[in-house]
Every structure is written in C-alpha cells, then in structure tokens.
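Here is the structure we will look at.
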Amino acid sequence: MNKTILFVAAAVVSAASLHAQDSESLPIDLGFKVGIPITNMFSANNTSEFGQTIPGSPFSSAVPRYEFGVSGEFHVYKRFRFEVDGLYKRGGFDSVFASGGGGFAYSPTTFNWWEIPGLIKTDISLGHVRPFVDFGAALRHISTIDQTTYAAGLFEGVSMIDNSIALHNRNSYGGVAGIGITFKKGALRISPEVRYTRWANEAFEYTGFRTNLNQGDFLLGINF
C-alpha cells in the first residue's frame with residue numbers, strides 16, 4: 001500500500017510536468033484538497049473486556065480535526081471527468097481496561113490514515129457555477145501506529161511496534177459518492193463537496209469498539 005501511495009504521488013507529479021508541456025494534448029487539472037471529517041471514526045460501548053462497567057467507555061475517540069491531500073482530475077469525455085485523490089488524516093483513540101490488582105491500564109493510540117479514492121465526476125454547466133456528482137471506489141491504509149500502555153507498577157509505558165491490539169484490517173476498500181458545486185474564475189476552480197464513503201470492513205475492532213463503516217467528509221478542492 002505504501003508503494004501504491006508513492007506511485008500515485010509520482011503519477012501526479014509526472015502528470016503536472018506533462019500538463020505544463022502540452023495542456024491541449026493531455027487535459028489534466030491538478031490541485032489539492034483540505035477538509036473536515038463530519039463523522040466519528042469509531043463507535044464503542046461501555047463494557048470492559050472483563051464484563052465490568054466503568055465510567056464512560058473503555059475506548060474514547062474524537063472526530064479528526066482536519067484532513068488534506070492532493071488531487072488530479074482527468075477530462076475523459078465532454079462533461080465526464082475522472083478524479084484521483086490522495087488524502088491524509090491523523091487518527092487516534094484511548095483505551096482503559098481493568099488490570100491485575102484491581103487497577104486500570106491506560107493505552108493511548110495514534111496512527112496515520114491514508115485514502116486513495118478514484119471517482120467518476122459529471123457536472124451541469126451554469127456559467128461560472130457547476131453543480132456536480134461523483135461516485136467510485138477508495139483504498140484505505142493504516143500506518144505508523146503508536147500504542148503505549150501505562151499501568152500501576154510499571155516504571156515506564158510498554159509500547160507496541162507499529163501495531164495495536166485493536167487493529168483488525170490495515171488495508172481496506174470501499175464505495176464513495178459525493179455531491180458538490182464548482183466555482184470557476186479563469187483557470188482557478190474552487191469546489192466544496194460533501195462526500196460519503198462506505199468501507200467494506202473495520203480498520204480497528206475490539207470488544208465492542210470498532211471503526212465506523214459509514215464515513216462522511218466535507219472537502220474543499222482547489223484546482224488550477
């Protein structure tokens with residue numbers, strides 16, 4: 001998957017070079033995206049692995065504050081375009097479990113979340129404003145997992161190397177659909193979009209805690 005991400009990045013750079021040399025023979029729009037996830041990455045209950053109910057959930061997480069990436073858009077036929085994105089989010093969760101001696105163990109976990117969606121787009125031209133819809137598929141990869149466990153009696157935290165007890169699928173795929181509108185001024189195009197992704201399986205899953213299969217994002221695309 002890391003090789004795939006590098007390949008996509010190299011393809012975007014190569015496309016930019018070719019586009020600069022001959023924009024007529026290879027119609028490609030390049031740009032970047034920034035956005036805000038509008039759904040939580042995770043869902044959880046409040047029962048520990050030992051069947052105990054503890055204050056709050058044994059797992060807790062928050063909606064990532066941001067996401068960003070690069071975008072390449074290929075003009076395929078008339079109003080149909082093909083878009084490939086490379087998107088990044090920083091995710092994380094905390095877990096609290098009962099440990100020996102009646103105490104609790106605390107484990108904060110962070111990781112990198114990568115997505116590569118490929119989308120067919122079509123729009124309705126209304127002068128400088130163009131509503132559009134898109135649909136396609138996406139690949140997901142989880143990397144650089146950092147999980148450290150702290151408990152009473154431990155002088156320092158115990159770390160797992162790029163792994164987690166909750167990791168279920170490092171790689172996955174899903175279906176994507178979105179709707180948005182493009183504002184065009186000269187060569188500049190600004191495209192706010194709401195996008196929905198349905199993943200085939202969970203990235204993390206453990207005792208009632210799991211990655212949400214339904215994902216919503218608000219993205220702002222800026223293309224040249």
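The values are calculated or read from the model by the stated rules, or taken from the named source; none is laboratory data. A quick note: this is a predicted structure, and the numbers were derived from the prediction, not measured. Here the Cβ is made from the backbone with ideal geometry for all residues, glycine too, and neighbour counts use every protein chain on show. Surface areas here come from the heavy atoms of the whole protein model, side chains and all, with no ligands, DNA or RNA. Shrake-Rupley method; radii C 1.70, N 1.55, O 1.52, S 1.80 Å.
Let's see how each residue does on (1) under 20 Å from residue 58 (Cβ atoms); (2) without any contact (Cβ under 8 Å) to a residue 40 or more places away in the chain; (3) polar (S, T, N, Q):
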{"residue": "112", "(1), (2), (3)": "no, yes, yes"}
{"residue": "130", "(1), (2), (3)": "no, no, no"}
{"residue": "135", "(1), (2), (3)": "no, no, no"}
{"residue": "143", "(1), (2), (3)": "no, no, yes"}
{"residue": "148", "(1), (2), (3)": "yes, no, yes"}
{"residue": "151", "(1), (2), (3)": "yes, no, no"}
{"residue": "164", "(1), (2), (3)": "yes, no, yes"}
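Please work out which residue is farthest from the chain's Cα centre (by Cα), limiting yourself to segment 187-201 and to residues that are open to solvent by less than 60 Å² (accessible area, probe 1.4 Å) and closer than 25 Å to residue 123 by Cβ.
Going residue by residue through segment 187-201, those that are open to solvent by less than 60 Å² (accessible area, probe 1.4 Å) are 189, 191-193, 195, 197, 199-201.
So of that shortlist, the ones also closer than 25 Å to residue 123 by Cβ come out as 189, 191-193, 195, 197.
Details: 189: 23, 191: 18, 192: 17, 193: 15, 195: 11, 197: 10 Å.
So the residue we want is 189.
Scanning for something assigned to a strand (DSSP E or B), surrounded by 17 or more Cβ atoms within 10 Å (Cβ to Cβ) and at pLDDT 90 or above, does segment 126-133 turn up at least one residue?
First, the residues of segment 126-133 that are assigned to a strand (DSSP E or B): 126, 129-133.
Next, from what is left, pick out any that are surrounded by 17 or more Cβ atoms within 10 Å (Cβ to Cβ): 130, 132.
So of that shortlist, the ones also at pLDDT 90 or above come out as 132.
The answer is yes; a qualifying residue exists.
Listed residues 47, 110; which is among the β-branched types (Val, Ile, Thr), surrounded by fewer than 18 Cβ atoms within 10 Å (Cβ to Cβ) and modelled with pLDDT of 90 or more? Break it down stepwise before answering.
Numbers: 47 fails: modelled with pLDDT of 90 or more.
One residue alone meets the criteria, 110.
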Counting only residues that are over 17 Å from residue 67 (Cβ atoms) and assigned to a strand (DSSP E or B), segment 94-117 contains a total of 11
Would you confirm whether any residue within segment 209-220 is within 14 Å of residue 111 (Cβ to Cβ) and in contact with a Ser or Thr (Cβ under 7 Å, 6 or more places away or on another chain)?
no
Kindly provide the set of residues from segment 58-106 that are at pLDDT 85 or above, hydroxyl-bearing (Ser, Thr, Tyr) and open to solvent by less than 20 Å² (accessible area, probe 1.4 Å), ordered by number.
71
Of the residues 68, 82, 104, 111, which is of a type in the set (Phe, Trp, Tyr) and farther than 20 Å from residue 174 by Cβ?
104
One residue is enough: does segment 199-221 have a residue meeting the conditions under 23 Å from residue 66 (Cβ atoms), among the aliphatic types (A, V, I, L, M), outside any loop (DSSP other than H, G, I, E, B) and at pLDDT below 95?
no
Among the residues of segment 134-155 satisfying the criterion of being outside any strand (DSSP E or B) and in contact with a Gly (Cβ under 9 Å, 6 or more places away or on another chain), which is least open to solvent (accessible area, probe 1.4 Å)?
153
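Could you identify the single residue in 204, 218, 224, 183 that is buried (at least 20 other Cβ atoms within 10 Å of the Cβ) and either aromatic (Phe, Trp, Tyr) or in contact with a helix residue (DSSP H, G or I) (Cβ under 7 Å, 6 or more places away or on another chain) (or both)? I'd like the intermediate steps shown before the answer.
Working: 218 fails: buried (at least 20 other Cβ atoms within 10 Å of the Cβ); 224 fails: buried (at least 20 other Cβ atoms within 10 Å of the Cβ); 183 fails: buried (at least 20 other Cβ atoms within 10 Å of the Cβ).
So the residue among 204, 218, 224, 183 that is buried (at least 20 other Cβ atoms within 10 Å of the Cβ) and either aromatic (Phe, Trp, Tyr) or in contact with a helix residue (DSSP H, G or I) (Cβ under 7 Å, 6 or more places away or on another chain) (or both) is 204.
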